[in-house]
Amino acid sequence: MSKINLLLLCGGGGAEHAISLISAQYLESQLAKMPRVKVHKVEMTDQGWHLADGMRCHLDTDGMLCSKVEHTQIHYVVPCIHGFPGETGDIQSLLEITGLPYLGCGPEASRVCFNKITSKLWFDALGIPNTPYVFLTDQSPSSLTRARTFYDEQGAVFVKAASQGSSVGCYRVAKEDELDARIADAFTFSDQVLIEKAIKPRELEVAAFHMGEDVIVTPPGEISCPEDTFYTYEEKYSDGSHSNTHIEAANLTNEQIEAIQQYARQAFVHLRLKDLSRIDFFLSDDNQILLNEINTFPGMTPISMFPKLVEHHGYPFHEYLAQCISKATGKRMI
């Protein structure tokens with residue numbers, strides 16, 4: 001049987017470049033379990049696309065991966081890029097133009113979910129509860145006045161760059177005289193800024209993904225952060241992290257689990273997600289379930305929640321990947 005040439009894109013040159021490389025290593029280990037797949041790993045940097053040996057390459061609009069020594073017809077792409085340009089819809093738009101099938105959500109769903117403002121507008125439209133918020137498109141006096149009014153109404157807030165992942169450009173503000181400075185900081189990461197009410201929730205996460213035509217939503221796992229902290233970039237990925245992940249969230253009622261799964265399924269279907277997502281919820285002190293955000297290409301590091309939840313739900317991760325590839329290419333992988 002002939003092998004399929006799979007392009008594993010990683011890096012991206014953005015704020016989450018290094019984490020993307022770690023995720024790609026994990027995916028490469030899973031793809032190695034499929035004898036019919038030949039992986040062509042390419043790192044995207046600010047200086048261009050590079051093969052494993054450092055040679056420059058590019059992807060033609062006919063789906064050909066080209067270097068100065070070889071042209072290879074690609075059959076499937078795994079865009080393992082967190083943040084820009086992988087979760088923003090840019091890479092997906094390129095792949096749509098080339099006609100290549102790929103893992104993950106399409107351009108529109110990626111753009112909507114990556115922007116914290118547009119995703120919350122969708123949650124509102126679908127009737128899915130989420131944290132109270134206002135958003136800013138500039139730092140004009142009227143915008144800053146609106147932000148201060150919201151702070152006065154809510155107390156402590158989170159100031160977030162609208163279009164960043166992994167808690168990049170996210171700040172907790174508990175003193176009003178820090179608000180303007182943090183808004184300015186967030187605007188260095190994004191053209192829009194979201195301001196949310198700060199609560200002390202339990203942080204619950206589900207994996208929502210396709211198995212064939214079925215949408216599977218796992219029961220929630222949980223992230224436990226140290227007291228008086230939130231799940232920052234450093235807490236997610238550094239060796240010194242004090243946060244813990246639990247594949248099964250404890251002390252939830254059946255009604256709470258069912259509500260979380262229902263909201264996740266509703267978002268997955270109506271926002272037209274494809275293949276995979278990690279959908280994050282808050283559970284407040286007064287037992288409100290609030291949808292926090294949707295990750296259209298969640299972390300795939302050895303400690304990441306998405307692959308753990310998939311496997312805990314009974315699907316070996318390489319088998320999950322194999323059926324995604326088979327569904328898109330019409331070829332059996334295992």
### Message
Please pick out the residue among 244, 251 that is at pLDDT below 95 and over 20 Å from residue 196 (Cβ atoms).
### Response
244
## Note on the structure
Result of the Cβ filter at 7 Å on the range 37-51, keeping first residues that are surrounded by 18 or more Cβ atoms within 10 Å (Cβ to Cβ) and partners that are of a type in the set (Phe, Trp, Tyr), at least 6 apart or interchain, is 42/49
### Message
Every residue in the range 68-93 that is in a strand (DSSP E or B) and farther than 29 Å from residue 169 by Cα, please.
### Response
71, 72, 73, 76, 77
### Message
I need a count of the residues in the range 1-24 that are open to solvent by 40 Å² or more (accessible area, probe 1.4 Å), in a loop (DSSP other than H, G, I, E, B) and in contact with a Ser or Thr (Cβ under 9 Å, 6 or more places away or on another chain).
### Response
1
### Among (1) assigned to a strand (DSSP E or B); (2) under 19 Å from residue 301 (Cα atoms), the one test that residue 49 misses
(2)
### Task
Mind listing just one residue for me: the one in the range 266-282 that is open to solvent by 10 Å² or more (accessible area, probe 1.4 Å) and assigned to a helix (DSSP H, G or I) and, of those, farthest from residue 207 (Cα to Cα)?
270
### Query
Only one of these conditions is not met by residue 112: (1) touching a residue at least 60 places away in the same chain (Cβ under 8 Å); (2) open to solvent by 20 Å² or more (accessible area, probe 1.4 Å); (3) of a type in the set (A, V, I, L, M); (4) more than 17 Å from residue 278 (Cα to Cα). Which number is it?
(4)
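Yes/no matrix, rows are residues, columns are (1) buried (at least 20 other Cβ atoms within 10 Å of the Cβ); (2) within 22 Å of residue 292 (Cβ to Cβ); (3) at pLDDT 95 or above:
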site: 74; (1), (2), (3): yes, no, yes
site: 77; (1), (2), (3): yes, no, yes
site: 93; (1), (2), (3): no, no, yes
site: 97; (1), (2), (3): no, no, yes
site: 103; (1), (2), (3): yes, no, yes
site: 108; (1), (2), (3): no, yes, yes
site: 121; (1), (2), (3): no, yes, yes
### Query
Which of the residues belonging to the range 129-161 are within 26 Å of residue 86 (Cα to Cα) and among the hydrophobic types (A, V, I, L, M, F, W, C)?
135, 136, 158, 159, 161
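The values are calculated or read from the model by the stated rules, or taken from the named source; none is laboratory data. Since the structure is predicted, the reported quantities are computational estimates derived from the model, not experimental observations. Here Cβ is always computed from backbone atoms with ideal geometry, including for glycine, and neighbour counts include all displayed protein chains. In case anyone asks, the SASA skips ligands and DNA or RNA and just uses the protein heavy atoms, side chains included. Shrake-Rupley method; radii C 1.70, N 1.55, O 1.52, S 1.80 Å.
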